[in-house]
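The values are calculated or read from the model by the stated rules, or taken from the named source; none is laboratory data. No experiment lies behind these values; they were computed from the predicted model shown. Cβ placement follows ideal geometry from the backbone for every residue including glycine, while neighbour counts extend to all protein chains displayed. Accessible surface is based on the protein model in full, side chains and every heavy atom, while ligands, DNA and RNA are left aside. Shrake-Rupley method; radii C 1.70, N 1.55, O 1.52, S 1.80 Å.
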Amino acid sequence: MARSPVSRLRCIACGRDYPLDQIRYECDACSGLVEVALDLDRLRREAPEGGWRSLFDGRLGVTGGPHRSGVWRYNELILPDLPAGRIVTKPEGNTNLYRSPRLEEVSGTAEVHVKHEGENPTLSFKDRGMTAGISFARHLGVTAVACASTGDTSAAMAAYAAQVDGLRGVVVLPAGKVSLEQLSQPVASGCLTLSLKADFDTCIRLLRDICRRKPIYLLNSVNPVRIEGQKSIGFEILQQLRWEPPDWIVVPVGNAGNISAIGKGLQELKALSVIDRAPRLLGAQAASAAPLAQAYREGYRRRVRVTAADTSASAIRIGDPVSYDKAVGVVRESGGFFESASEQEIMDAKALVDATGVYICPNPATAVAAFLTARAAGAIARDERVVIVATAHGCKFSKATIEYHGGRLPGVAPARANRIVEVEADVRAIERLLP
Ligand code: F0G
């Protein structure tokens, strides 16, 4: 007899539920966002002998099959109803968790780690959601997938879609607001790459509308299946800390899918008693695009939408986050909050972490800056343990890095500049500069 499903789609607003195999991003009854709801009672009843931790620990170091992926290692909790044969993996995940003595010293905090998601195959955390999204697209048998993107989602979608015969990818990007390295990724992977003279919020609004009318599977984080893959960032952090939860996880926030995913996953681990308490979440936004930080300051009285302005953290240049409600839900439930950071703070924080040999881009640097602010204000205490999620690699943002160190970034006076020195091709001239 076929196994009954462990998961369904459920509206986060009214609770109405739908089968998982339906292509659906919102509720018919109330237009609320939908999420994948796991049958936690059943998972509790059917918990593996020896417990979840030892099941997942036993898979560390496997060299073949989906379990070597840092997403599918947890497949009982991530799309358990997806047949294993459908999985499209590179594999992804298994990124390093770097202890940062420098951040501990600068901030005066007991323990700070950086989870470097830039070490994923396409250099960002988006691979975790995309292995889930593209695997599900294959399971559903769709022939076209699409996303609007500030760069990284499109890079990941394109690279995973390229692994599936007969699957066509379409990416919609805001012209001039995506780094050259990011832009090169969907082009290289063979996606139809559409560049719109519009901001990201407009790109996604147009694409959502098109996907309502055309048989194209939308792979933005409004897609509940993608969120499931991204939960694994939190799972991996906990496993790397030997299941001893940190006090805080700090996440840069744009469209707000990632923080929602991490929060959802942590709540599930707690419900299954894999952990006894869930870390608090700090969501970080660039000041020029900070609707959630504003909403927090206003006591979440109303839904805040802003017109995003330019920032070096262009991947989070989003004024109207799609997963707003989910993010507010998980952050409040965790006892956390949202904070914003200025351009100066973002780029100085980036240079601080980069100089430790952990090369990050301006988007996660926003999280580092927000952490420093929260720590200085005492919102994070001296004796706490903190993990900052570095969502993408510095190599995706060369221009911002070079302009910062050269003192050419508008509005930023670099506190940590490492200037490039132009020197004659002459031994003596070079030697004069050496230590
Ligand atoms: N950091 C990076 C490097 C990103 O690319 C993004 C989002 C975020 C943080 C924020 O994550 O949207 O889930 O809150 N990039 C999306 C994209 C919007 O299209 O690549 P989020």
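Shape class of region 25-79 from the alpha-carbon gyration tensor: oblate, with a/c at 1.5 or above and b/c at least as large as a/b.
Ligands, DNA and RNA are left out, and with a 1.4 angstrom probe the accessible area of region 95-250 is 34 Å² per residue. For region 198-302, the square roots a ≥ b ≥ c of the C-alpha gyration tensor eigenvalues yield an a/c of 1.5 or more together with a/b not exceeding b/c, which makes the shape oblate. Measuring only protein heavy atoms, the 1.4 Å probe finds K270 accessible over about 100 Å². Applying the Karplus relation 6.51 cos²θ - 1.76 cosθ + 1.60 with θ = phi - 60° to region 237-244 yields 3J(HN,Hα) values of 4, 5, 5, 5, 8, 6, 6, 9 Hz, where x marks Gly and Pro. Rounded to the nearest 10 degrees, the angle from helix 180-189 to the longest Cα principal axis of the chain is 40 degrees. In a Gaussian network model over the chain where Cα atoms closer than 10 Å are linked, find which of G50, G283, G263 has the largest mean-square fluctuation. Top of the fluctuation ranking is G50.
Each part reduced to its alpha carbon centroid, region 205-249 and region 252-320 end up 13 Å apart. In order along region 74-80, the Karplus-derived 3J(HN,Hα) couplings, from 6.51 cos²θ - 1.76 cosθ + 1.60 at θ = phi - 60°, round to 9, 5, 5, 10, 10, 6, x Hz, and Gly and Pro are given as x.
Here L241 and E298 are evaluated by their C-beta separation; at R0 = 41 Å the FRET efficiency comes out at 0.75. Among V423, V34, V253, the residue with the largest mean-square fluctuation in a Gaussian network model of the chain, with springs joining Cα atoms closer than 10 Å, is V423. Starting from region 385-421, pick out the trypsin sites (Lys or Arg not before Pro) whose DSSP state is loop and whose Cβ has at most 15 other Cβ atoms within 10 Å. Filter output for region 385-421: R408, R416, R419.
Distant-in-sequence amide contacts of A37, defined by a placed amide H-H separation under 5 Å and a gap of 5 or more residues or a different chain, comprise R8, L9, R10. Bridging of K270 to lysines at a Cα separation below 19 Å is possible for K231, K326, once same-chain residues fewer than 8 apart are set aside.
Oblate is the label for region 35-192. Its Cα gyration tensor axes, ordered a ≥ b ≥ c, give a/c of at least 1.5 and b/c at or above a/b. The calculated 222 nm mean residue ellipticity attributable to helices in the chain amounts to -10500 deg cm²/dmol, summing -39500 (n - 2.57) over DSSP H runs of n ≥ 4 and dividing by all residues.
Across the protein chains, with a 1.4 Å probe defining accessible surface, the residues L272, L183 rank L183, L272 from largest area downward.
Helix 152-161 axis versus longest C-alpha principal axis of the chain: approximately 50°, rounded to the nearest ten.
In sequence order, region 335-350 has phi-based couplings of x, x, 7, 10, 9, 10, 9, 7, 4, 4, 5, 4, 6, 5, 5, 4 Hz under the Karplus curve 6.51 cos²θ - 1.76 cosθ + 1.60, θ = phi - 60°, and Gly or Pro positions carry x. Spin-label pair R332-A188: with each label point 7 Å from Cα along the Cα-Cβ axis, the two points sit 4.3 nm from one another.
Take the Cα of R382, go 7 Å toward its beta carbon, and the backbone nitrogen atoms of region 79-122 under 11 Å from that spot belong to 108-110. Under the convention that each Lys and Arg Cβ holds +1 and each Asp and Glu Cβ holds -1, the size of the dipole of the chain around its Cα centre is about 860 debye.
Taking amide H positions as modeled 1.01 Å from N, with prolines and chain starts lacking one, the residues under 5 Å from A13 and 5 or more places away or on another chain are L33. Solvent-accessible area assigned to carbon and sulfur over the chain amounts to 50 percent, based on a 1.4 Å probe. Past the 23 Å Cα-Cα mark, which pairs from K115/K350; K264/K350; K350/K399; K90/K126; K90/K350? Those over the limit are K264/K350; K90/K350. Sorted largest first by accessible area at a 1.4 angstrom probe radius, with every protein chain in place, the residues T356, T143, T95 fall in the order T143, T356, T95.
Output the 0 to 90 degree angle, nearest 10, between the alpha-carbon long axis of helix 362-376 and the longest principal axis computed from the alpha carbons of the chain. That helix lies at roughly 80 degrees to the long axis.
In this view, the solvent-accessible surface of R10, computed with a 1.4 Å probe and all protein chains in place, comes to about 100 Å².
For a modelled paramagnetic label at L40, 7 Å from Cα along Cα-to-Cβ, the residues of region 73-90 in reach, with backbone nitrogen under 20 Å, are 74-81. Label-to-label distance for R408 and E422 is 1.0 nm, based on points extended 7 Å past Cα in the beta-carbon direction. Full extension of the chain between D209 and S54 gives 51.3 nm of extra length, using 0.36 nm per residue less the Cα-Cα distance.
Assuming charge only on the beta carbon of Lys and Arg (+1) and of Asp and Glu (-1), the dipole of region 55-141 about its Cα centre is about 340 debye to the nearest 20. Springs join every pair of Cα atoms under 10 Å in this Gaussian network model of the chain, and among A110, A148, A137 the largest mean-square fluctuation is at A110. Largest to smallest in accessible area, the residues H67, H405 fall in the order H67, H405 (1.4 Å probe, all protein chains included). With the dipole of region 303-385 worked out from charges on the C-beta (+1 for Lys and Arg, -1 for Asp and Glu) around the Cα centre, which of M347, Y359, G329 lies farthest toward the positive end? Result: G329. Dimensions of the chain based on its C-alpha atoms, expressed as ranges along the principal axes with the largest first, amount to 80, 50, 48 Å.
Let me cross-check I430: its accessible surface, 1.4 Å probe, with only protein heavy atoms counted, in Å² to the nearest 10? About 80 Å², ignoring ligands and nucleic acids. Taking the Cα centre of region 1-106 as reference, the dipole from Cβ charges on Lys and Arg (+1) and Asp and Glu (-1) amounts to some 260 debye.
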